[in-house]
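The values are calculated or read from the model by the stated rules, or taken from the named source; none is laboratory data. Just so you know, these numbers come straight off a predicted model, no measurement behind them. Cβ placement follows ideal geometry from the backbone for every residue including glycine, while neighbour counts extend to all protein chains displayed. Note: areas computed on protein heavy atoms with side chains; ligands, DNA, RNA excluded. Shrake-Rupley method; radii C 1.70, N 1.55, O 1.52, S 1.80 Å.
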Amino acid sequence: MKVSLTVNGKPMSGEVEGRTLLSTFLRETLSLTGTHIGCDTSQCGACTVHVDGAQVKSCTVFALDVQGSSVTTIEGMANTDGSLGRIQQAFQDHHGLQCGFCTPGMVMASAALLAVNPTPTEAEVRHHLEGNICRCTGYHNIVKAVMAASDAIPAE
Amino acid sequence: MQNFDFVKPASVAEAVAALGTSGAQALSGGQTLIGSMKQNLAAPAVLVSLTGIAALKGVSVSGGVMSIGAATPHAEVAKASGFPGLSSLAGGIGDPAVRARGTIGGSLANNDPAACYPSAVLACGATVVTNRREIAADDYFQGMFTTALEDGEIITAVRFPIPERAAYAKFEQPASRFSLTGVFVAKYGAKVRVAVTGASNDGVFRWTDGEDALQASYDPAAVKGLKVSPDGLIADLHGTPAYRANLVAVMTARAVAAS
Amino acid sequence: MPKDFEAKTTGIGAPMKRREDIRFLTGRGVYTDDIKLAGQTYAVIVRSQVAHGRIKAIRTEAAAAMEGVLAIFTGEDFKDVGGNPAGWLIKSRNGEPMREPKRPVLAHGKVRHVGDAYAAVIAETYEQGRAAAQQLADDTDIEELPAIIDMKAAAADATNRVHDEIPDNLCYDWGWIEDNRAAVEEVFARAPHVTTLELVNNRLIPNAMEPRASIGEYFPGTGDYKLTTTSQNPHLTRLLVAAFVLGIPENKLTVVAPDVGGGFGSKIYHYGEEALVLAAAKRLGRPVRWTAERSESFLSDAHGRDHVTKIELACEKDGTFLAFRTETFANVGAYLSNFATVTPTFLHGTLMAGPYKVPHVYVNVKTVFTNTAPVDAYRGAGRPEATFSLERVVDQMCRELGLDAFEVRRKNFLTPDMFPYTTPVGLVYDTGNYQATLDKVIEMADVAGFESRRAASAAKGLLRGLGLSTWIEACGIAPSHLVGILGARVGLYDAATVRVNATGNISIMVGAHSHGQGHETVFAQVAADRLGVPESSIEIVHGDTSKIPFGMGSYGSRSLAVCGVAMTKAIDKIIAKGKKIAAHMLEASEADITFEAGKFAVAGTDKAKTFGEIAFSAYVPHNYPLETLEPGLEETAFYDPANFTYPAGAYLCEAEVDPETGKVTIEAFHCADDFGNVMNPMIVEGQVHGGVGQGIGQALLESTTYDETGQLLTGSYMDYAMPRASDVPFYNVDYSCQTPCTHNPLGVKGCGEAGAIGSPPAVVNAVIDALHRGGHTHIKHIDMPVSPQRVWAAING
């Protein structure tokens, strides 16, 4: 069957099976390999993308189930001139990534949080990142980066 | 994962028709079912997505009752106003991505013994509305992963009488973040109902000793010292029956305090 | 970050932002599974579902006939090639060599753990491969044998054998140092006080977020092979595949480790899937790819830790240490992963003196085979186990004798005037100042204010405690002559090539491999500082055996301390050659040429040539001393360290216990570390954060549980509790106490493993302290992970 989506602002389509996951469609059909697969139980969050503005795990959504939707992936998060977007830049500035594997999911989850809560507390950031596992950073600099990218006034 | 035909009807009637085909299964948010399919624990021949049915979505409050369409994602319930105890429960299910896709209907149809929603439905004496009938909460839950739903029956909505005081207190299983033991307390005048999820081999249940104590005195202290029998409670890596029994009383007290 | 670090913007010591971040943040990193090749095929591994069994029959016909199936491999296909070897040979204390069973590419004859690979399907698509793998599993007869799971029971069981040829399931029974054993026993016999603890160092699953993946290619025109794989050290993988397993000539095999999503030890080792995809690629003449599902990672990645230890501390009544003695059982699982034998021995026993002036130490380790996944080095590797044993028993002794945990450690610390210091377990600490880090952490943690914080917790019904850990490790692995004496089958030097191009920019090929550590930034930073050129003119190349001279990869906090030094030595050769070229061009004596800030100058004159001019001259040698000097400007250096490096530090954890639920919350975590000189403080902090995060995971959350039949009960994130953002606090990190390493020119010691080594005992000590302060004085110890139900059971037990 054919699935048609808007991906990072551009219309995209391709042939899929019923069982084709959105993550598979993005990675294999569209070659958007920034969306990563880190587990098979919908827990790690490395595959997080936005579907019609909502944060979803693309490994736990069938491509056909989001027919016609607008999908944003990590490849769509930079500024139009190619420079790092605000959240991406904060992750670099605050060393919010090491191996980079969970990073796309972290950025997408953080963007979803800041879209609805531009001034989160530290606890709200940590709570929001419940579904994104990082093994490198101990989360310290990820939380710092998200706080820095927010409109929250720094504590010090 | 085995392949299947995917259909996404726009109405309940079409969905019911599609579910009449051999090997058909309903798909709501998919946050549990897709994982099961990856492990080949479920292998439907036809998957009928319910999330395209507008009539199954949305939250409304009228006459002291909150009605939630079965395909309403947890995130929507978390944002709704009128029943803060339930919104708080919904806002704590899984993680933001799960809450964006997972639905109340899917949760109740699956009836995972560690799911959050069943405790609220049972504590509130909510009504599970299907395409065929209305089912009282006390009749709906029939043990772990077992419900009163019949083949081809679809949940369309859930109606919660809004309590005067209510709260959900969950102690999370450290890995999955499902409830190791979660307690929903709902107070309607002199009547108090306490429903426990995550703890029992029989799925969600009412803790009647706790209800009696709280009806006598709606105060955390009323249940704190109460002993809960560990018989029939779940034993797993994360908690012995005795540990869960303790949590039933502790989480009930915390729910009362938060209500 | 301390102010003097914040101020630097470039060169050594500056918190430079990472250049590699740009690709990772924009989704343009290239991890193994991101690579797509024309004609690629998919390998799916068939894994044992029983812990122990004899393979009776594998009927391949039905699977082979399925749609899209191209080939099927079983253990038969590899029975005549080599096994994946142990990298280190350990002798038992009776002088016998260790037992080294063959670890085949695919299990042959027997399967020995749940997840043991015994067959593989190669198919056109992944889904076809998976369907056929299921068919093959259904068509396999395995006679189940009794599972050998508990390591102590395994060592006492002469009937059930993981390997038929090893009667007692024992790999070795090691004593360190055996000659000191009698003296240690004598000290214990007359000691005024002895504290004993029985400890479990819980088995962990490393869980790098990128699952293992490998792609094999074969080029029939040249007979070349290429393996793209998730490795921390591609050269070692090449060596093992070439020389030990498949017998491919080393010069016909290229191993590439592209972007790698974390390792923590688990990707040091060669795994059978790597040999499989190469053999399959040759048979099919097409690329063969394999990517682990997370559930396969749980079953087949090398696990970590898994020790059961009895530790005894003999001391005076005033807390002066007299001796430590340990008896440890270490589980290696079903086969020897490459460094499984050294982790519980030389990486563990040699650290059993800690930062203390204890005169007598004896360590015994019995390493046991069981029907579980192989166990090998995981972040810290042996040193966390040593630190946990020491720091727990010291705390317990203080409690038994009513002594202050801070003062007892201070009293027993080696003092700065004692270095170099030879420990009773065979290491020579070059430098350190353990008092300084302890003082620092006390200041950072506001220990003086603890009592009021405790009272505030108590008012909420919560118990608050303070836990200390003073740790040391040996890293910068490792001096080859020493490890050779101790049984290593490899050298542990490293190498770098500095290639100055004609246009003056620089490519540096390093043997270290970055899988999160930020080498592309830090190595460039160090090189730029030494060469006086901008960082932006330097490219760091790693992870490709066809490009880099050689290397032993990254683990054991060795990258800068070993490979970084190799790079500086190569740079020094570049500068030396540049001076010769400059002397010729400037018509001066070589002895008069100075090199500073990227300029070669004649001392005391304004005559100078820029680095770029010298590079150009080297490649366009028109005015050049060709009779005495080769053109070109490229130098390689190998560096073999003279000693280990010895980072050390003091960690304080402040934890709150909810006595109703048993839940522990880390309220604050303070780290005062001595890493010697710091090259990039931002990255050093990040390394400590990550290590502490993993240490908190070990202490509170992570449990690897096999049932008695050998099924892994914690085989997914549904049951294996990974630390999440809400489980950890902000960490308070300091590295201003610096005693630079005395034997490498950078003065660096290594920071990668510190957090994972120092933190678990600090957490557990804090929990026990909180419980005691709360009146639960019957609790001597709680095994890790200190989970809510364990704490609750201890309180109510």
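Numbers at a glance
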read-out: Share of alpha-carbon pairs per 10 Å distance bin for chain C, given as whole %; value: 3, 13, 22, 24, 19, 12, 5, 1, 0
read-out: Mean Kyte hydropathy of -0.5 or more with a Cα span along the axis of at least 20 Å, helices from DSSP in chain C; value: C:383-401, C:565-585, C:681-696, C:754-773
read-out: Alpha carbon Rg of the protein assembly as shown, scaled by the compact-globule rule 2.2 N^0.38 Å; value: 0.94
read-out: Which of C:LEU322, B:LEU27 is most accessible, then next, and so on - probe 1.4 Å; value: C:LEU322, B:LEU27
read-out: Assigned charges on the beta-carbon of Lys, Arg, Asp, Glu; chain A dipole about Cα centre (debye); value: 200
read-out: Backbone N within the stretch B:9-41 under 18 Å of label point (7 Å from B:ARG133 Cα along the Cβ vector); value: none
read-out: Centroid-to-centroid separation of the stretch C:10-54 and the stretch B:24-63 [C-alpha atoms, Å]; value: 33
read-out: Separation of the C:ILE485 and B:LYS79 label points, Cα + 7 Å toward Cβ, nm; value: 7.0
read-out: Cut-off 13 Å between beta-carbons: net charge of the residues surrounding C:ARG530, Lys and Arg +1, Asp and Glu -1; value: -3
read-out: Extension gain from C:ASP783 to C:GLU539, taking 0.36 nm per residue of separation minus the Cα-Cα distance; value: 83.1 nm
read-out: Local net charge near C:GLY693, Cβ-Cβ under 12 Å (Lys/Arg +1, Asp/Glu -1); value: +1
read-out: Label-to-label distance, nm, for residues given as C:LYS310 and C:ASP80 (7 Å Cα→Cβ offset); value: 5.1
read-out: Packing rank of A:132-145, C:178-191, where each peptide gets the mean count of other beta carbons within 10 Å, highest leading; value: A:132-145, C:178-191
read-out: Inter-part distance where the stretch A:59-81 and the stretch C:296-320 are each reduced to a Cα centre, Å; value: 46
read-out: Efficiency of FRET from Cβ geometry, C:ARG28 and C:THR125, R₀ 25 Å, rounded to 0.05; value: 0.45
read-out: Paramagnetic reach from C:ASN160 (point 7 Å along Cα→Cβ, amide N under 20 Å) across the stretch C:323-367; value: C:329-336, C:367
read-out: FRET E, pair C:GLU250, C:ASP138, Förster distance 60 Å, beta-carbon r, rounded to 0.05; value: 0.90
read-out: Histogram of C-alpha separations across the stretch A:86-149, 5 Å bin width, %; value: 4, 21, 37, 28, 9, 1
read-out: Cβ crowding within 10 Å averaged over residues, with C:115-121, B:84-90, C:56-62, B:54-60 ranked highest first; value: C:115-121, B:84-90, B:54-60, C:56-62
read-out: Helical segments meeting 18 Å axial Cα length and Kyte-Doolittle 0.0 threshold in chain B (DSSP H); value: B:241-258
read-out: Contour excess over end-to-end distance, with Cα ends at C:ASP168 and C:GLU185 and 0.36 nm allotted per residue; value: 3.5 nm
read-out: Stretchable slack from C:ASP707 to C:TYR619, in nm (0.36 nm times residue separation minus alpha-carbon distance); value: 25.1 nm
read-out: Label point 7 Å beyond Cα of C:LYS411 along Cβ direction - residues of the stretch C:733-774 with amide nitrogen under 12 Å; value: none
read-out: Largest-first ordering by accessible area, 1.4 Å probe, given options B:PHE184, C:PHE244; value: C:PHE244, B:PHE184
read-out: DSSP-defined antiparallel bridges as percent of all bridges, the protein assembly as shown, nearest 5; value: 80
read-out: The stretch B:165-258: radius of gyration and largest Cα-Cα distance (Dmax), Å; value: 12.3, 39
read-out: Fraction of the pair-distance distribution of chain B above 25 Å, Cα-Cα pairs, percent; value: 41
read-out: Surface/4 of the Cα convex hull for the stretch C:493-639, nm²; value: 8.6
read-out: Simple label model, 7 Å out from Cα along Cβ direction - C:THR222 to C:LYS152, nm; value: 5.7
read-out: Ratio of the Cα radius of gyration of the stretch B:176-216 to 2.2 N^0.38 Å, where N counts its residues; value: 1.25
read-out: Euclidean distance between Cα centres, the stretch A:91-107 to the stretch C:488-567, Å; value: 23
